[in-house]
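Enquirer: The structure follows.
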Amino acid sequence: MSKVLLVDDDELLLRSPHRTLTAKGYEVALARGPEQALEPVTAAAVVVSDIHRPGYSGIDFLKELRRPNCDTPVFLMTGSPELETAMAATEHGAVHYLLKPFGMDTLKDLIERALVNHVPRRGDLKLLGDLGSLSARFDDALAKMFMVFQPIVSVAQRKPIAYEALLRTDAVSPGVAAVGVCAARRPRAHRARRSR
């Protein structure tokens, strides 16, 4: 179960996202300020924080969060968008700049997308397994790759009008994140070998 940390000084504004995300199976932690939020953030898979808070902005919180090389996906939300804060949010690695009010389905979809696309950069790589064996599994998947042609049929003409080529493999997948890490590292290794 993925943990989502919601940070806002207005507890009433946290109720709806808390209810929606809990119903979708997420573990949700609430923090009313940065001092409450910085401690549990290491266990969170995603952080959703308000930008405008008295005494300590969401941008300051984001900067503090990034200081120990924390790469947790962070969404910043605001009811009064400004170009400067949007640029600062992007500069310090916010995944998304949410404009209030926003629909709970939008928030849920963005969080799901961030969890799928996020690949840990820290010591969390151990979750993906040994990179050596991962590379071997990737090579195995490439070796077992084959092409399948799937017809695209016109309903009006009742016949195939084109074919779609699909690449398939019989190898067991190590998972999307693991394949992404391995694929991202391979071009660099290939370029290093070619430059020798």
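The values are calculated or read from the model by the stated rules, or taken from the named source; none is laboratory data. Computed from a predicted structure; not experimentally measured. Ideal geometry is used to build each Cβ from the backbone, glycine not excepted, and the neighbour counts take in all protein chains shown.
Enquirer: Could you check how many residues of segment 61-108 are of a type in the set (S, T, N, Q) and in contact with a Phe, Trp or Tyr (Cβ under 9 Å, 6 or more places away or on another chain)?
Expert: Residues flagged as of a type in the set (S, T, N, Q) and in contact with a Phe, Trp or Tyr (Cβ under 9 Å, 6 or more places away or on another chain) within segment 61-108 amount to 3.
Enquirer: Return the residues of segment 1-32 that are basic (Lys, Arg), part of a helix (DSSP H, G or I) and closer than 22 Å to His52 by Cβ; say none if nothing qualifies.
Expert: Once the filter is applied, which keeps residues that are basic (Lys, Arg), part of a helix (DSSP H, G or I) and closer than 22 Å to His52 by Cβ, segment 1-32 yields only Arg15.
Enquirer: Inspect segment 84-97 for any residue being modelled with pLDDT of 75 or more, more than 15 Å from the chain's Cα centre (by Cα) and part of a loop (DSSP other than H, G, I, E, B) and give the result as yes or no.
Expert: yes
Enquirer: Further question: Which one of these does Ala43 not meet: (1) crowded, with 20+ Cβ neighbours inside 10 Å; (2) at pLDDT below 70?
Expert: Result: Ala43 fails condition (1) only.
Enquirer: Taking the options Gly129, Gly123, name whichever one is surrounded by 12 or more Cβ atoms within 10 Å (Cβ to Cβ) and modelled with pLDDT under 60.
Expert: Gly129
Enquirer: Pairs please, first residue from segment 6-21 and farther than 11 Å from Met77 by Cβ and assigned by TED's automatic domain parsing to the domain that holds Leu62, second anywhere and surrounded by fewer than 13 Cβ atoms within 10 Å (Cβ to Cβ) and modelled with pLDDT under 85, Cβ atoms under 9 Å, 6+ apart in sequence or on different chains.
Expert: Listed by first residue and then by second, the contacts come to Asp9/Pro54.
Enquirer: For segment 1-40, give me each residue that is at pLDDT below 80 and of a type in the set (S, T, N, Q).
Expert: Of everything in segment 1-40, just one residue is at pLDDT below 80 and of a type in the set (S, T, N, Q), namely Gln36.
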